[in-house]
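The values are calculated or read from the model by the stated rules, or taken from the named source; none is laboratory data. What you are looking at is a predicted structure, and each value in this text was computed from that prediction instead of being measured. Because the Cβ atoms are built from the backbone with ideal geometry, glycine has one as well, and the counts that use them run over all protein chains shown.
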């Protein structure tokens, strides 16, 4: 499926830094071809309790995508592969999709209470970090962001970005 070594996640957690992990080739057979397909997918989600929509000014957020029957294979494959590696191996994994329009800011400066691997499916994003660094992401790019690194994400085109989120149990020791 890919040549990405998720073993590096543990090292990145210790160093507390984000890193572009590599790129996975996307095709219409394993992903969404365009935003029309993404919107069709959203409109046809089943009525399970496993999803939550939250509409922002220029963004839609959809939770638990990997639990949908018609979810693209690339999302299911990455979820399955991440669960083989720490910290994702020993914690709950949720998959969240972000649909944004040109120059839409996902959220202003924030940090997450979970470690995440982000993947651009459609479009481009720029991730800004409080330390002054930036990472540009194109379709197929995967990036790891350990918690609690402060960041904001701006879609430089309309975009569909997936976050594979490793929930952190606040009552337990975490790296």
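Tabulated values for the structure
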{"quantity": "Residues of segment 61-81 classified as modelled with pLDDT of 85 or more, surrounded by 21 or more Cβ atoms within 10 Å (Cβ to Cβ) and touching a strand residue (DSSP E or B) at 6+ places or on another chain (Cβ under 7 Å), total", "calculated": "2"}
{"quantity": "Residue match in segment 85-96 (condition: assigned to a strand (DSSP E or B), under 15 Å from the mean Cα position of the chain (by Cα) and within 15 Å of residue 6 (Cβ to Cβ))", "calculated": "yes"}
{"quantity": "Residue 58 being at pLDDT below 85 and over 11 Å from residue 163 (Cβ atoms)", "calculated": "yes"}
{"quantity": "Matching option when the condition is free of Cβ contacts under 8 Å to residues at least 40 places away in the same chain and in contact with a helix residue (DSSP H, G or I) (Cβ under 7 Å, 6 or more places away or on another chain), among 67, 76", "calculated": "76"}
{"quantity": "Residue match in segment 142-149 (condition: within 19 Å of residue 18 (Cα to Cα), out of contact with any strand residue (DSSP E or B) (no Cβ under 8 Å at 6 or more places or on another chain), touching a residue at least 12 places away in the same chain (Cβ under 8 Å) and not in a strand (DSSP E or B))", "calculated": "yes"}
{"quantity": "Positions within segment 103-115 being more than 19 Å from residue 78 (Cβ to Cβ) and part of a loop (DSSP other than H, G, I, E, B), in sequence order", "calculated": "103, 104, 106, 107, 108, 109, 111, 113"}
{"quantity": "Filtered residues of segment 116-130 (kept if more than 12 Å from residue 155 (Cβ to Cβ) and not in a strand (DSSP E or B))", "calculated": "130"}
